[in-house]
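Heads up: the structure comes next, in structure tokens.
The values are calculated or read from the model by the stated rules, or taken from the named source; none is laboratory data. Note that this is a predicted model, so its numbers are computed, not measured. Reconstructed Cβ throughout: ideal geometry from the backbone, glycine too, with neighbour counts over all protein chains shown.
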Amino acid sequence: MNNIIVLPLIIPIFSAVVLVFLRRFAAVQRLIAFASMLAVSIISFVLLELVRKEGILKLDFGGWKPPYGILFVADSFSVLMVLAASIVTLFCLLYAFSTIGDRHESMFFYSFVLLMVAGVNGSFLTGDIFNLFVCFEVMLMASYVLVALGGEKVQLRESLKYVLINVVASSVFLIALAYLYGTVKTLNMAHIAERVSEVGQDPILTLVSLVLLIVFSLKAGLVLFFWLPGSYVVPPAAVQALFAALLTKVGVYALIRTFTLMFPHHPETTHAILGCFAGLTIVLGCLGALSSRNVLKIAAYNIVISVGFILIGLAVRTETALAGSVFYLFHDMVAKALLFLLVGMMVYLTGEKRIDFMSGLIRNYPLFGWLYFLAMLALVGIPPLSGFVGKVLIGKGAIEAGSYVLLFLGFASSLVVLFSLLKIFLSSFFGETIITNEDKKPLPKASMASLVSLAVCIAGIGMGAEQLLAYVQDAVKTLANPSIYIDAILSDSDSEGV
Amino acid sequence: MRINDVILRTVVKVVILIILTLGVYLFFSGHHAPGGGFIGGLVLASGIILLFVTYDIETIQRKMPFDFKKVAALGVFIAAGTGLGAIYFDLPFLSHTDGHFKFPFIGDKHLTTVTLFEAGVALTVIGTLVTMILSISEDE
Amino acid sequence: MEQLMMVLIGILVSVATYLILSRNMIRVIIGTAVLSHAVNLLIMAVGGLKKGNVPLIGHEEEPFTDALPQALILTAIVISFATTALLLVLAYRTYKTSGSDDFKELRGMPDE
């Protein structure tokens, strides 16, 4: 029995519930939260090995065979995402231990983080599109609370907008699901894919896929990212890092899954629009990153740029480009978390958000400064670090497909990323120090440990790209050939029946 | 300010029993007929909220000293626990079973583990609903 | 009957759009609630209005009504109920701290 697939969802939910009863014991809360995320990370690693050995695994809830019941599917792509999400959450929790404060801890902070991770992992693993909606909502509901938790004026103001945008997006998601159900009469993703390829992707189905594109674009911050910089900069640094690493990436995952598995038949419409969106996102994100002088805003616009960059791979849809997308998605989850934690630490140390008011941090905190430098190199894609392989593969794929405009935009965006991050580095880390030795706040040890671990992960992903690529290739094999996925889900349901 | 609510109080004393009984009835009828944990929980919660409206929050909290947040958490715990039970018996997650049992005096009864799951759902609904209403109304 | 439902859904969606585009906080929240009702009706109409028997054990006569849209709607109702409750609490707290329920006054500074 493949019950191991559901553990990344059920362990966080269970620990979140247990933590509600332990409200007053902050130390026990930390221990349980950390232990459960550690367990999920180990489980997802085991699962990854298992999937590579045995192929796609599935778990029919309650023994209801597909397409009748809800099911969880573990293929290499989803498990890679679960692994990255679990590792990132583990280190964000470690960072939060020393920075989040008693007030958050007594207001069920860890419970909400765990519930959010449960929603994220559920979204990655589910094989049913309505279940995807439910997992999205679990994740979003927890994120609504995390944005507003703390109750400061600016937090409440921004969280209200964030919630409203997402509520409207969820309604549009449901509209798309209603049309989809009305047309193909099923909600199992593999079954949808099978029926769509049998009857051909007629205009109605293409329309449905475009509605889904709009919904996931809103969630992923593709073109429709106007809500993102405002709401991602208000919560505490650990929450920002979690949002940056997980929430938009779930949208990207959903886009990739939708347009490789269910609606790959009319690329001249859907993928062309995706390509336009990706290019536009990169340009607009670059403008935002260049114009801002607030460190948090610059980091937030960097999320937007990377979302656009990842989706170049989906838009040109050669196998190489898809491999690049999957690899870059994995790298970006870790690297964006590190970037946001570093930036959050800068704000914590100086009490300022604008780069003009910070200077000479590297003299006070040398290790911290060089960690930032490392993260910057990784995000730009300098060879031994994690961003390099993804960028090269996406570039190679774009050349194969002849999409030179997207290729140019993608690599021009690397320069803008470098420029915007270097702007922070030069003005805030170099120069005369403004912090005297007496005023110098000590770096919290647990936070430093999490920063160093994430940096080690980035270096590890870069150095061990060969090993990781084996899993990525496996994931791409399934993405490029939807029939593998469909057969794995539906093959035994005909013979056994219900 | 004291409001004159004699009629409300008198009616509630009788009606609350009917509402709570209806809630329990809906909860148990859910297996073969319309009803179930969610609907039963909603009715039970609306009964409890009616009590809060009729009497004041302090009086009811003295008689029902639960933290409703914990009630909701207990509900999720039970519902998720039934899923884990299936994992323990090496069946697919969320598998349920049922059986007929003979009891002295009440005779043959059909019992299912789905009822446990539904109990979790009902507790969650009661807990969240009452928490929502209380958190809005407790604010000064 | 489905055509009538479609007209009703259209009216609800337009009402919701009008409300969501207004500047008053409570109107916007009511707009999202109306929108979710419209969507629920849409799911119901798309699944086909009552055509067969109740899909319960003990009522064996064919054909059954498709029960799945109703299950979807129940889930959607629970979710929209929870988000609306959360939104109302958030709006109330925002009003308390900012002293305004007008979205135009809640824009924030260009570069905070």
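Assorted remarks:
- Inside segment A:53-90, residues that are assigned to a helix (DSSP H, G or I), more than 22 Å from A:P12 (Cα to Cα) and away from every other protein chain (no Cβ under 14 Å) make up a count of 2.
- For segment A:178-193, a residue qualifies if it is within 11 Å of chain C (Cβ to nearest Cβ) and part of a helix (DSSP H, G or I), and the qualifying residues are A:A178, A:Y179, A:L180, A:Y181, A:G182, A:T183.
- Hey, A:T206 outside any helix (DSSP H, G or I), over 18 Å from the mean Cα position of the chain (by Cα) and hydroxyl-bearing (S, T, Y) or not: no
- Members of segment A:107-162 found to be facing another protein chain (nearest Cβ under 10 Å), in contact with a Ser or Thr (Cβ under 7 Å, 6 or more places away or on another chain) and β-branched (V, I, T), listed by number: A:V134, A:V147
- Any hit, segment A:166-177, residues being within 11 Å of A:S231 (Cα to Cα), assigned to a helix (DSSP H, G or I) and more than 8 Å from chain C (Cβ to nearest Cβ): no
- Residue among A:A488, A:A465, A:A475 that alone is in contact with a Phe, Trp or Tyr (Cβ under 6 Å, 6 or more places away or on another chain), under 23 Å from A:D75 (Cα atoms) and either surrounded by fewer than 21 Cβ atoms within 10 Å (Cβ to Cβ) or touching a residue at least 12 places away in the same chain (Cβ under 8 Å) (or both): A:A475
- Within segment A:350-374, the residues that satisfy the criterion of being part of a helix (DSSP H, G or I), under 19 Å from A:R293 (Cβ atoms) and not β-branched (V, I, T) are A:D356, A:F357, A:L361, A:Y372.
- Checked against (1) in contact with a Cys (Cβ under 7 Å, 6 or more places away or on another chain); (2) modelled with pLDDT under 90, A:G360 passes all but a single condition, namely (1).
- Applying the condition of being at pLDDT 90 or above and facing chain A (nearest Cβ under 8 Å) to segment C:51-76 and asking which residue is surrounded by the most Cβ atoms within 10 Å (Cβ to Cβ) yields C:A76.
- Complete set of residues in segment A:280-308 that are among the polar types (S, T, N, Q) and buried (at least 24 other Cβ atoms within 10 Å of the Cβ): A:T281, A:N302, A:S306
- Among the residues of segment C:7-29, the ones that are touching a residue at least 12 places away in the same chain (Cβ under 8 Å), assigned to a helix (DSSP H, G or I) and among the polar types (S, T, N, Q) come to 1 in all.
- Of the set (1) surrounded by fewer than 16 Cβ atoms within 10 Å (Cβ to Cβ); (2) without any contact (Cβ under 8 Å) to a residue 24 or more places away in the chain, all apply to C:M1 but (2).
- If only residues of segment A:23-52 that are in a helix (DSSP H, G or I) and either among the charged types (D, E, K, R) or on the phi > 0 side of the Ramachandran plot (or both) are counted, the one that is surrounded by the most Cβ atoms within 10 Å (Cβ to Cβ) is A:R30.
- Looking only at residues in segment C:30-50 that are assigned to a helix (DSSP H, G or I) and farther than 16 Å from A:F173 by Cα, the one that is farthest from the other protein chains (Cβ to nearest Cβ) is C:I30.
- Taken over segment A:209-227, residues that are assigned to a helix (DSSP H, G or I) and not charged (D, E, K, R) amount to 11.
- Listed by first and then second residue, the pairs with beta-carbon distance under 6 Å, at least 6 apart or on different chains, first residue in segment A:1-20 and over 17 Å from A:T126 (Cα atoms) and at the interface with chain B (Cβ under 7 Å from one of its Cβ atoms), second among the hydrophobic types (A, V, I, L, M, F, W, C) and in a helix (DSSP H, G or I), are A:F14/B:A80; A:V17/B:A73; A:V17/B:V76; A:V17/B:F77; A:V20/B:A73.
- Qualifying residue in segment B:107-130 (condition: in contact with a helix residue (DSSP H, G or I) (Cβ under 8 Å, 6 or more places away or on another chain), modelled with pLDDT under 90 and within 18 Å of A:L19 (Cβ to Cβ)): no
- For the residues C:K96, C:K104, the requirement of being exposed (fewer than 15 other Cβ atoms within 10 Å of the Cβ), modelled with pLDDT of 80 or more, within 30 Å of A:V234 (Cα to Cα) and more than 10 Å from chain A (Cβ to nearest Cβ) singles out C:K104.
- Scanning segment A:375-387 for residues that are at pLDDT below 90 and part of a helix (DSSP H, G or I) gives a single hit, A:G387.
- Elements of type helices (runs of 4 or more DSSP H) contained in segment B:5-105, each with 2 or more residues being more than 14 Å from every other protein chain (Cβ to nearest Cβ) and under 16 Å from the mean Cα position of the chain (by Cα): B:6-29, B:37-54
- Residue check, A:I273 of a type in the set (V, I, T) and either modelled with pLDDT of 95 or more or surrounded by fewer than 24 Cβ atoms within 10 Å (Cβ to Cβ) (or both): yes
- Counted residues, segment B:114-138 - those being more than 10 Å from chain C (Cβ to nearest Cβ), buried (at least 21 other Cβ atoms within 10 Å of the Cβ) and within 18 Å of B:F52 (Cβ to Cβ): 4
- Matching residues in segment A:228-280 - criterion: being part of a loop (DSSP other than H, G, I, E, B) and touching a residue at least 12 places away in the same chain (Cβ under 8 Å): A:V233, A:V234, A:P235, A:P236, A:F263, A:P264, A:H265, A:H266, A:P267, A:T269
- Some residue of segment A:30-38 being more than 20 Å from the chain's Cα centre (by Cα), at the interface with chain B (Cβ under 9 Å from one of its Cβ atoms) and either more than 23 Å from B:F77 (Cβ to Cβ) or touching a residue at least 40 places away in the same chain (Cβ under 8 Å) (or both): no
- Flag if A:S197 is under 30 Å from A:G288 (Cα atoms), away from chain C (no Cβ under 14 Å), touching a residue at least 12 places away in the same chain (Cβ under 8 Å) and part of a helix (DSSP H, G or I): no
- Exactly one residue out of A:S450, A:S403, A:S428 is in contact with a Phe, Trp or Tyr (Cβ under 7 Å, 6 or more places away or on another chain), crowded, with 19+ Cβ neighbours inside 10 Å and at negative phi: that is A:S450.
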